[in-house]
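Some notes on the structure that comes next.
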Amino acid sequence: MNRPQRLLSMLVVLQARRRVTAAELAEEFGVSERTVLRDVETLAAADLPVVAERGRYGGIVMLPGRQTDLNRLNASEVDVLRALGVDMGRARQLGVDAAARDAVHKLTARARRTPATARENDLLPLTEVVTVDNRGWFATEDRADVAALTRDLRRGRQLAITYRSSGHRGERGIVVDPYGVLSRAGRWYLVADDEGRPRLFALTRLSAWTVLDRPRRLSPGRTLPALARELGDALERREDVVVTADLAANRLDLARRILGARLRGSTAGPRPDVSRITVAYDSIDGVRQLLQFGEHIEIVGPPEARNLVAELAESLLRRHTAHRRRE
């Protein structure tokens, strides 16, 4: 969740509860308490009725007798929300595109009512110099019915899902306690407890689900934003196998794009035209990803990674030279 979306969500929470602690908001939105307090300062600076009260019975408070609407946001806040706050592609997938369009129209109308002299330092609006596209490069749109799943999730029940794990051909049935859905890097995931253990289930591999007549049982103290962040961070930090390789220096930028957080570091290689890189995977099988660098890479270690690449290269060689022997 980006900051503008978090600010709006925080206002919704405060209007519903009137008083919450910084720790509760931090857990709910997956950020630190210091970040929550900075957000409160931003809301207060925008003339919103939100204050942080100190002391044993303190907390973040929405002052009574005040209603909050977008017209109370200042010009800079409206500009930020217009630029970053509404993802129409995700709204369409969730089946809330009509409400999202209405929100955009209201923000646009609010911006038009703001005279140029009221803009911060008379700068161009952020929307004129920033555009955001959350789609992944060369990514196809998820075909999963996210809107239907989200409607069922709002019933607060357990789900029986039919799911295929990555790398497996067969599907299996699993009963899960769902927290909700996560959109990350252009893909949708179901966040749920599987026998008490939190997991991410890619919606592209979830073929069916049934709502059960039992309420979901979530782990105490866990929220969807915090858990999604925790699972994502854990996945990116996994380094059961660390592979060292020599890569052509002119392919290093490509490696950064393809490998992302898996690329742990790069140093000077044995020759000026070579960089030595380290790449982390959750299993030795992940080294297959490096084959796409072709003749521009050599696996240095560990030995099992080097041996696997040699076996794969020999298999490819046999397949691509078999027709020559037949001819």
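In this structure, does Val300 turn out to be farther than 15 Å from Ala255 by Cα, in contact with a strand residue (DSSP E or B) (Cβ under 6 Å, 6 or more places away or on another chain) and surrounded by 10 or more Cβ atoms within 10 Å (Cβ to Cβ)?
When the stated conditions are applied, Val300 passes them.
Condition first: in contact with a Ser or Thr (Cβ under 8 Å, 6 or more places away or on another chain) and touching a residue at least 24 places away in the same chain (Cβ under 8 Å). Can you find one or more residues in the range 145-158 that meet it?
No, the range 145-158 contains no residue that is in contact with a Ser or Thr (Cβ under 8 Å, 6 or more places away or on another chain) and touching a residue at least 24 places away in the same chain (Cβ under 8 Å).
Hey, among Leu182, Leu212, Leu227, Leu218, which residue is more than 30 Å from Phe293 (Cβ to Cβ), of a type in the set (A, V, I, L, M, F, W, C) and in contact with a helix residue (DSSP H, G or I) (Cβ under 7 Å, 6 or more places away or on another chain)?
Of the residues listed, the single one that is more than 30 Å from Phe293 (Cβ to Cβ), of a type in the set (A, V, I, L, M, F, W, C) and in contact with a helix residue (DSSP H, G or I) (Cβ under 7 Å, 6 or more places away or on another chain) is Leu182.
In the range 203-218, what residues are touching a Phe, Trp or Tyr at 6+ places or on another chain (Cβ under 9 Å) and either assigned to a loop (DSSP other than H, G, I, E, B) or over 13 Å from Leu149 (Cα atoms) (or both)?
Selection gives Arg205, Arg216, Leu218.
Being in a helix (DSSP H, G or I) and farther than 25 Å from Gly136 by Cβ: is that true of Leu316 here?
It is true that Leu316 is in a helix (DSSP H, G or I) and farther than 25 Å from Gly136 by Cβ.
Before we move on, is Leu190 in a strand (DSSP E or B) and touching a helix residue (DSSP H, G or I) at 6+ places or on another chain (Cβ under 7 Å)?
yes
Looking only at the range 25-63, which residues are surrounded by fewer than 17 Cβ atoms within 10 Å (Cβ to Cβ), within 22 Å of the chain's Cα centre (by Cα) and either of a type outside the set (Lys, Arg) or outside any helix (DSSP H, G or I) (or both)?
Ser32, Glu33, Thr35 - these are the residues of the range 25-63 that are surrounded by fewer than 17 Cβ atoms within 10 Å (Cβ to Cβ), within 22 Å of the chain's Cα centre (by Cα) and either of a type outside the set (Lys, Arg) or outside any helix (DSSP H, G or I) (or both).
Being under 24 Å from Leu259 (Cα atoms) and surrounded by fewer than 16 Cβ atoms within 10 Å (Cβ to Cβ) narrows it down to one residue among Val241, Val132; which is it?
Testing whether each residue is under 24 Å from Leu259 (Cα atoms) and surrounded by fewer than 16 Cβ atoms within 10 Å (Cβ to Cβ) leaves just Val132.
Can you tell me which residue is farthest from Asn2 (Cα to Cα) among those in the range 204-235 that are free of Cβ contacts under 8 Å to residues at least 40 places away in the same chain and small (Gly, Ala, Ser)?
Applying the filter and picking the extreme gives Ser219.
Specify which of the listed residues (Leu212, Leu247, Leu235, Leu263) is over 18 Å from Arg306 (Cα atoms) and at pLDDT 90 or above.
Going through Leu212, Leu247, Leu235, Leu263 in turn, just one is over 18 Å from Arg306 (Cα atoms) and at pLDDT 90 or above: Leu212.
Only one of these is within 23 Å of Arg92 (Cβ to Cβ) and either surrounded by fewer than 17 Cβ atoms within 10 Å (Cβ to Cβ) or not basic (Lys, Arg) (or both): Leu212, Leu218, Leu247, Leu224. Name it.
Just a single option satisfies the conditions, and that option is Leu224.
Condition (residue is touching a residue at least 60 places away in the same chain (Cβ under 8 Å), of a type in the set (Val, Ile, Thr) and either more than 23 Å from Glu24 (Cα to Cα) or assigned by TED's automatic domain parsing to the domain that holds Arg157 (or both)) applied to the range 186-203: is it met by at least one residue?
Looking through the range 186-203, none of the residues is touching a residue at least 60 places away in the same chain (Cβ under 8 Å), of a type in the set (Val, Ile, Thr) and either more than 23 Å from Glu24 (Cα to Cα) or assigned by TED's automatic domain parsing to the domain that holds Arg157 (or both).
Examine the range 272-284 for a residue that is in contact (Cβ under 8 Å) with a residue 24 or more places away in the chain, in a helix (DSSP H, G or I) and either over 30 Å from Leu182 (Cβ atoms) or outside the structural domain of Val31 (by TED's automatic domain parsing) (or both), and state whether such a residue exists.
yes
The values are calculated or read from the model by the stated rules, or taken from the named source; none is laboratory data. The structure presented is a predicted model; accordingly, all values stated were derived computationally and were not measured. Neighbour counts run over all protein chains shown; Cβ positions are idealised from the backbone, glycine included.
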